[in-house]
Amino acid sequence: MDLSKLLQLTIDKKASDLHMVPGYFPAIRVNGDLFQLTTLELITAENIEKMLITILNQEQKEILLANREIDLAYKLNEARFRVNLYYAQNLLCGSFRLIQPNISTLEQLALPAYLHQCADLRQGLVLLTGPTGEGKSTTLASIVNEINQKYAKHIITIEDPIEYVYPKYKAIISQRELHQDTHSWTVALKSALREDPDVILVGEMRDFETISLALTAAETGHLVFSTLHTNSAPESIDRIIDAFPPHQQSQIKNQLSTVLKIIIAQRLMPKQNEVGRIPGVEILVNIPAVATSIREGKTFLISNILETSESDGCLLFEKNLLGLYRAGIISKETAMTYAIRPKEIARLIR
């Protein structure tokens, strides 16, 4: 079994991911569905070790053995993959995510036109949220590349690993990869503030310190983009606040209510009558009513604000699902299955 051939097959089949787990056949994910390649040989502990260890340098091998997992980027000809190697039941496994070679526009991604406003912001915090594999990085890359095309700014990205490589337009872009260009998120973020950035992209707000530094960067006149693994806009606000100890939460509510600009929650859903997936989104714009709810700790009010503030750019996830359903793009079953608020979608579709 040859890794290059498996990766080329992933490209040829237009798959998003390749999974390699001992005891199973290699598996690819196409349009959200996982298929085991049963015409190939079964993966064994021996052949996976030979294939996967060869793509690591000595430092990466040491990190994998010490941490039992590692993220990295891997290139096959012109194709780039985001790779995670990990151990399961003491056996090495691999997960490869294919990164599309070109950065798509928001229109090509079928995202709401309102998101163009993210590229025109001068400062503040913009969050992309949703489970893993729902297109957050792709959406972020589209927005950052729009800034790249429109403005002469210094953009610093801190990623684990670097996924999209930005072409040269008006901006200067410093892309930093964890373990290769920096040893930690927090050190890189602290350093970024001394590197004269206009825009900072933090691949993921993983912990208290990263969140704290991202908020500070947004507060001190920078435009900060990042991601969170949360399902909805209100849940994202709660996650940020809950990351801090109780005695700091009042201060963080005030800070967040000031620096937050937009939260975009995103899920990828199967199209009804054609192959492919379409993003469903929720957009929370930090209008005065939202800022007040954050400051006063009343995030339970935000879903109602989302529903009644469409004129301000807000979009409830279920309203977006309703529009896609009425346009015949997704089925009723898909709308009901993917809804964050099942009662709400049932009321809207009824």
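The numbers here are math on the coordinates, done by the rules we state, and not lab data. Keep in mind that this is a model prediction, so the values were computed, not measured. Neighbour counts are summed over all protein chains in view; Cβ atoms, including those assigned to glycine, are modelled from backbone coordinates with ideal geometry.
Descriptive notes on the structure:
- Of the residues contained in region 60-72, one or more are found to be surrounded by 13 or more Cβ atoms within 10 Å (Cβ to Cβ) and touching a Pro at 6+ places or on another chain (Cβ under 6 Å).
- Residue, surrounded by the most Cβ atoms within 10 Å (Cβ to Cβ), within region 30-57, restricted to residues that are within 29 Å of Pro270 (Cα to Cα) and in contact (Cβ under 8 Å) with a residue 24 or more places away in the chain: Leu37
- Filtering region 154-191 to residues that are closer than 17 Å to Thr220 by Cα and in contact with a helix residue (DSSP H, G or I) (Cβ under 7 Å, 6 or more places away or on another chain) leaves Ile155, Ile156, Thr186, Leu189, Lys190.
- Screening Ser104, Ser142, Ser137 for residues that are of a type in the set (Gly, Ala, Ser), part of a helix (DSSP H, G or I) and surrounded by fewer than 22 Cβ atoms within 10 Å (Cβ to Cβ) leaves exactly one candidate, Ser137.
- Checking Ala66, Ala73, Ala110, Ala88 one by one, the residue that is out of contact with any helix residue (DSSP H, G or I) (no Cβ under 7 Å at 6 or more places or on another chain) and on the phi > 0 side of the Ramachandran plot is Ala110 and no other.
- Of the residues making up region 120-140, not a single one is without any contact (Cβ under 8 Å) to a residue 60 or more places away in the chain and in contact with an Asp or Glu (Cβ under 8 Å, 6 or more places away or on another chain).
- Here is the figure for region 107-133: residues that are part of a loop (DSSP other than H, G, I, E, B) and surrounded by fewer than 20 Cβ atoms within 10 Å (Cβ to Cβ) total 11.
- Subset tally (residues that are at positive phi and without any contact (Cβ under 8 Å) to a residue 60 or more places away in the chain) for region 162-207: 1
- Taking the criterion of being over 17 Å from Pro342 (Cα atoms) and either of a type in the set (Val, Ile, Thr) or in contact (Cβ under 8 Å) with a residue 12 or more places away in the chain (or both), the residues of region 231-241 that qualify are Ser236, Ile237, Asp238, Ile240, Ile241.
- Highlighted here are the helices (runs of 4 or more DSSP H) found entirely within region 157-244 that include at least 1 residues which are more than 23 Å from Asp71 (Cα to Cα): 208-219, 233-242.
- Among the residues making up region 321-343, those that are surrounded by fewer than 20 Cβ atoms within 10 Å (Cβ to Cβ) and closer than 18 Å to Thr230 by Cα are Thr337, Tyr338, Arg341, Pro342.
- Total residues in region 332-350 satisfying the condition of being in contact with a Pro (Cβ under 8 Å, 6 or more places away or on another chain) and without any contact (Cβ under 8 Å) to a residue 60 or more places away in the chain: the figure is 1.
- Unmet requirement for Gln149, which otherwise passes all of (1) touching a residue at least 40 places away in the same chain (Cβ under 8 Å); (2) closer than 29 Å to Glu282 by Cα; (3) in contact with a Lys or Arg (Cβ under 9 Å, 6 or more places away or on another chain): (1)
- Here Gly276 clears all of (1) on the phi > 0 side of the Ramachandran plot; (2) of a type outside the set (D, E, K, R); (3) surrounded by 16 or more Cβ atoms within 10 Å (Cβ to Cβ) except the condition numbered (3).
- Some residue of region 210-227 being surrounded by fewer than 17 Cβ atoms within 10 Å (Cβ to Cβ) and under 25 Å from Pro131 (Cβ atoms): no
- Identity of the residue in region 297-308, touching a residue at least 12 places away in the same chain (Cβ under 8 Å) and under 11 Å from Lys253 (Cα atoms), that ends up farthest from the chain's Cα centre (by Cα): Gly297
- Residue selected from region 208-230 under the condition touching a residue at least 60 places away in the same chain (Cβ under 8 Å) and not hydrophobic (A, V, I, L, M, F, W, C), by the criterion nearest to Asn320 (Cα to Cα): Thr230
- For Gln251: the one exception among (1) part of a helix (DSSP H, G or I); (2) within 17 Å of Pro234 (Cα to Cα); (3) not aromatic (Phe, Trp, Tyr): (2)
- Region 85-101 - residue that is assigned to a strand (DSSP E or B) and within 16 Å of the chain's Cα centre (by Cα) and, of those, surrounded by the most Cβ atoms within 10 Å (Cβ to Cβ): Phe96
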